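Heads up, the thing below is written out as structure tokens.
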């Protein structure tokens, strides 16, 4: 998915998915039509076979691990949300500094949360890492004086250092749980499951292991697209943090076209 023109947002946000008063979101689609996500195990009843090249599970510090759905909770309802077979699902993630080797570039911004367009020096980081942060919204720092912290970005705030990633309420993003959606179709707080994956960005059927992983997850809308930018029947789902390999090369960093969603109890 191509980047859009910046729109003022109060927290970290991708330039791809522009949210209503929100943090979160980056989205992408590889040339092959597949893009990235974490290897977060689905529930035992729907265990997904390993996909070559998929990184290990991880969540940002300070955030709770994504909960797996169970037979008692998180069961999809029969009622579809929006128009069946008409949803577009994009994904976003948190970059890891350790995976980037670009030329170092100095960054200025805010030293803490609740600050806008600061001018304090935040350190120097690989240019390719910074580019991903400006698309996806956040990056985990793995070396240097700020090791262990997060470098977040928003078009309205610029760069800032933080102890975690953020949704629009300032809460840590949760891998395979946090989502943003079209406010005209899904309300904030709505829980949903992807019950039909549709096709990938190239119009091919989504690979079975990839689809099963998305179907196993249970998402909660914590952010809403800014009117006119998210697009009708569009949801953007957070797939976690990079570990070992770049998520942009993962089959889970993708766009599901013609997907079907259902409410979750």
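To keep it simple, each residue is scored yes or no on (1) farther than 30 Å from residue 196 by Cα; (2) touching a residue at least 24 places away in the same chain (Cβ under 8 Å); (3) assigned to a loop (DSSP other than H, G, I, E, B).
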| site | (1), (2), (3) |
| --- | --- |
| 88 | no, yes, no |
| 98 | yes, yes, no |
| 101 | yes, yes, yes |
| 113 | yes, yes, yes |
| 122 | yes, yes, no |
| 125 | yes, yes, no |
| 129 | yes, yes, no |
| 148 | yes, yes, yes |
| 151 | yes, yes, no |
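Considering each residue of the stretch 112-122, count those that are surrounded by fewer than 21 Cβ atoms within 10 Å (Cβ to Cβ) and modelled with pLDDT of 95 or more, and give that number.
Our first condition is that a residue be surrounded by fewer than 21 Cβ atoms within 10 Å (Cβ to Cβ); within the stretch 112-122, this holds for 112-121.
Of the ones still in play, those that are also modelled with pLDDT of 95 or more are 119-121.
Residues that pass the stated criteria total 3.
What about residue 258, is it part of a strand (DSSP E or B) and either closer than 29 Å to residue 115 by Cβ or touching a strand residue (DSSP E or B) at 6+ places or on another chain (Cβ under 8 Å) (or both)? Please lay out each step first, then the result.
On the way: part of a strand (DSSP E or B): yes; either closer than 29 Å to residue 115 by Cβ or touching a strand residue (DSSP E or B) at 6+ places or on another chain (Cβ under 8 Å) (or both): yes.
Against the criterion (part of a strand (DSSP E or B) and either closer than 29 Å to residue 115 by Cβ or touching a strand residue (DSSP E or B) at 6+ places or on another chain (Cβ under 8 Å) (or both)), residue 258 qualifies.
Could you check the stretch 221-255 and list, in sequence order, the residues that are at positive phi, surrounded by fewer than 24 Cβ atoms within 10 Å (Cβ to Cβ) and either touching a strand residue (DSSP E or B) at 6+ places or on another chain (Cβ under 8 Å) or in a strand (DSSP E or B) (or both)? Even if it seems obvious, please write down each step before you answer.
At the first step, the residues of the stretch 221-255 found to be at positive phi are 228, 231, 233, 240, 244.
The next check asks that each one be surrounded by fewer than 24 Cβ atoms within 10 Å (Cβ to Cβ); those that pass are 228, 231, 233, 244.
231, 233 - these are the residues of the stretch 221-255 that are at positive phi, surrounded by fewer than 24 Cβ atoms within 10 Å (Cβ to Cβ) and either touching a strand residue (DSSP E or B) at 6+ places or on another chain (Cβ under 8 Å) or in a strand (DSSP E or B) (or both).
For the stretch 181-202, check the following and say yes or no: at least one residue is modelled with pLDDT of 90 or more, under 15 Å from the mean Cα position of the chain (by Cα), under 26 Å from residue 129 (Cβ atoms) and crowded, with 24+ Cβ neighbours inside 10 Å.
no
Look at residue 176 and say whether it is in a loop (DSSP other than H, G, I, E, B), surrounded by 22 or more Cβ atoms within 10 Å (Cβ to Cβ) and touching a residue at least 12 places away in the same chain (Cβ under 8 Å).
Numbers: in a loop (DSSP other than H, G, I, E, B): yes; surrounded by 22 or more Cβ atoms within 10 Å (Cβ to Cβ): yes; touching a residue at least 12 places away in the same chain (Cβ under 8 Å): yes.
When the stated conditions are applied, residue 176 passes them.
The values are calculated or read from the model by the stated rules, or taken from the named source; none is laboratory data. Nothing here was measured: the structure is a model prediction, and the numbers come from that model. Because the Cβ atoms are built from the backbone with ideal geometry, glycine has one as well, and the counts that use them run over all protein chains shown.
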